[in-house]
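Peer 1: Following this message is one structure expressed as structure tokens.
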Amino acid sequence: MTQERLELNETTDEQLVIIREFAVPRHVVFRVLAEQKWSSPKNFDVTFSEGDLKVGAKYRFGMRSESGEGPEFVMTGEYKEITQPDTLVYTQSRENPDGSSGPDTAITIKLAEHEGKTTMVFNHTGFRTKEFRDGAIQGWNEAFEKLEGHLTSQV
């Protein structure tokens, strides 16, 4: 699959926007996004993913370094809006070892299809520090590279 990558990281201290184009139809991108099997940075693997894709449902997924060393990071959140195959809105936070989580951030993903290709506009807001946001930019861009690989295996 050839991917024309649109690189646009619009950032403020509190938000980031990443726009990518994938050479597959929108319904395929939506389905793979919802599976979350791709949702980890480079050199990390998703260890589990649980939750139903429906408004109000909670989800959790874990990730650990490919080497197996270090802690498992668990992300949690709630689906706020689902309009297949266009829109996915959810909260996300890191779960602490004691079971608490926070702070919540908000993610909105919009998908548009044109001539069999899908443009994804990814908006992540609610960062409390510039450093947290900057780490998210790197992590999400690495995760979207994995997303491309998962999309390739779907066509």
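Values quoted throughout were computed directly from the atomic coordinates according to the rules given, and no laboratory measurement underlies them. In this text the structure is predicted, and so the values were computed from the model without any measurement. Don't worry about glycine lacking a Cβ; one is built from the backbone with ideal geometry, like all the others, and counts go over all protein chains shown.
Peer 1: Helix 26-35 versus the longest principal axis of the chain: what angle, 0 to 90°, nearest 10, using Cα atoms?
Peer 2: So the inclination is approximately 20 degrees.
Peer 1: Oh, and also: Using only Cα atoms, find the angle between the long axis of helix 130-152 and the longest principal axis of the chain, and express it within 0 to 90 degrees, rounded to the nearest 10.
Peer 2: The angle comes out at about 50 degrees.
Peer 1: May I ask for the percentage of alpha-carbon pairs in the chain that lie more than 21 Å from each other?
Peer 2: Result: 44 percent of Cα pairs exceed 21 Å.
Peer 1: A follow-up question, please. In what sequence, highest mean first, do 97-108, 120-131 appear when ranked by Cβ atoms within 10 angstrom?
Peer 2: Most protected by this proxy first, the peptides run 120-131, 97-108.
Peer 1: Hey, another quick one. Can you classify segment 16-55 as rounded, prolate or oblate using the Cα gyration tensor, where a ≥ b ≥ c are the square roots of its eigenvalues, rounded means a/c under 1.5, and otherwise it's prolate if a/b beats b/c and oblate if not?
Peer 2: oblate
Peer 1: Over what distance in Å are the Cα centres of segment 65-88 and segment 110-142 separated?
Peer 2: Going from one Cα centre to the other spans 13 Å.
Peer 1: With the contact rule set at Cα under 8 Å and sequence spacing of 6 or more, what percent relative contact order holds for segment 80-133?
Peer 2: Once divided by the residue count of segment 80-133, the mean separation gives 26 percent.
Peer 1: Per 0.36 nm of contour for each residue apart, how much would the distance between Phe48 and Ser153 grow if the chain were fully extended, relative to their Cα-Cα spacing?
Peer 2: Extra length available between Phe48 and Ser153 comes to 35.8 nm.
Peer 1: Farthest toward the dipole's positive end in the chain, which of Pro85, Ser153, Ile109, given Cβ charges of +1 (Lys, Arg) and -1 (Asp, Glu) about the Cα centre?
Peer 2: Pro85
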